[in-house]
Amino acid sequence: MEIQEETWRRVMSPEIVEVEVEDNGRTTKDDVESIADVFVAVGKNDLDVVKWAIDHLVSAGARLYLVHVFPPVTHIQTPVGKLSRSQLSKDQVQIYVNEENNKRRSLLQKYIRLCTDAKIGVETMLLESNNPTKAILDLIHVVNITKLVIGTKRAPSMRRLRKGSSKGEFIKKNAPDFCEVSVIYNGKQVTVDQQRHAVGGIVSDIPTTSQNGLKVTPFQPERKFFECACFSRNFD
């Protein structure tokens, strides 16, 4: 059974460092509005993607948001095999969920450390979805992302041999005009010419997305905190 509702969660790492930017003067409203935060979609091995974003896109005073999409828990591996979560008690499910949360937290630490070493303000955002491509495209509209970085494991020279676009290429092609999407392969940005030569004339097999298909977590207090605190543009 396909889960229709997407759940958002915001996780703040205890290692996140608030960075003060000194400019020997007051920060005006225009200065604040001109600062564009950078969102980076990360998986298991995307250090080169985060490093590229730090080196090329993050400006003084901007924050870097690590976006990680993970699938909802529908089945859990047990000593007697894989069982539906409905067959287990709430305590058993919670134990499994806590273990998975710890794994994700551990996964994100290497990216957080890279940002803090570069003295960049960093936050993490977890999206629960069966469709990472759709989840990220919907997120762009919901929070008005203007700078998005996503990695690809497919070399430009090899894409003609495979049907369809990679997730990063599909997101770049279908993102709104206000969002600048950078696709990174092996620490370098994939250029427009490379994308045209690699996937020209091939129709992607990834389904399209609607702008409002992704729903914010149904818990009202958490949603308000997410919207007001996580995406504040005020810099101390």
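The values are calculated or read from the model by the stated rules, or taken from the named source; none is laboratory data. If you're wondering where the values come from, they're calculated on a predicted model, not measured in any experiment. All Cβ positions, even for glycine, are placed from backbone atoms using ideal geometry, and neighbour counts span all protein chains on display.
Structural remarks
- Which numbered condition T133 misses (of (1) buried (at least 19 other Cβ atoms within 10 Å of the Cβ); (2) touching a strand residue (DSSP E or B) at 6+ places or on another chain (Cβ under 8 Å); (3) not basic (K, R)): (2)
- If the condition is being part of a loop (DSSP other than H, G, I, E, B) and either surrounded by 22 or more Cβ atoms within 10 Å (Cβ to Cβ) or not hydrophobic (A, V, I, L, M, F, W, C) (or both), then the range 43-64 contributes G43, K44, N45, D46, V58, S59, G61.
- Counted as qualifying within the range 123-236 are the helices (runs of 4 or more DSSP H) with 1 or more residues that are touching a Cys at 6+ places or on another chain (Cβ under 7 Å) and either charged (D, E, K, R) or modelled with pLDDT of 95 or more (or both), namely 132-143.
- For I112, the conditions (1) among the β-branched types (V, I, T); (2) under 22 Å from S182 (Cβ atoms); (3) touching a helix residue (DSSP H, G or I) at 6+ places or on another chain (Cβ under 7 Å) are fulfilled apart from (3).
- In the range 153-171, the residues that are more than 19 Å from A135 (Cβ to Cβ) reach residues that are modelled with pLDDT of 80 or more and of a type in the set (A, V, I, L, M, F, W, C) with C-beta atoms within less than 7 angstrom, at least six apart or across chains, in these pairs: P156/V190.
- Of everything listed in (1) surrounded by 15 or more Cβ atoms within 10 Å (Cβ to Cβ); (2) part of a helix (DSSP H, G or I); (3) of a type in the set (A, V, I, L, M), the single unmet condition for V67 is (2).
- Scanning the range 70-89 for residues that are assigned to a strand (DSSP E or B) and out of contact with any Phe, Trp or Tyr (no Cβ under 6 Å at 6 or more places or on another chain) turns up F70, H75, Q77, T78, G81, K82, L83, S84.
- Those residues of the range 77-96 which are under 21 Å from L107 (Cα atoms) and touching a strand residue (DSSP E or B) at 6+ places or on another chain (Cβ under 6 Å), in sequence order: Y96
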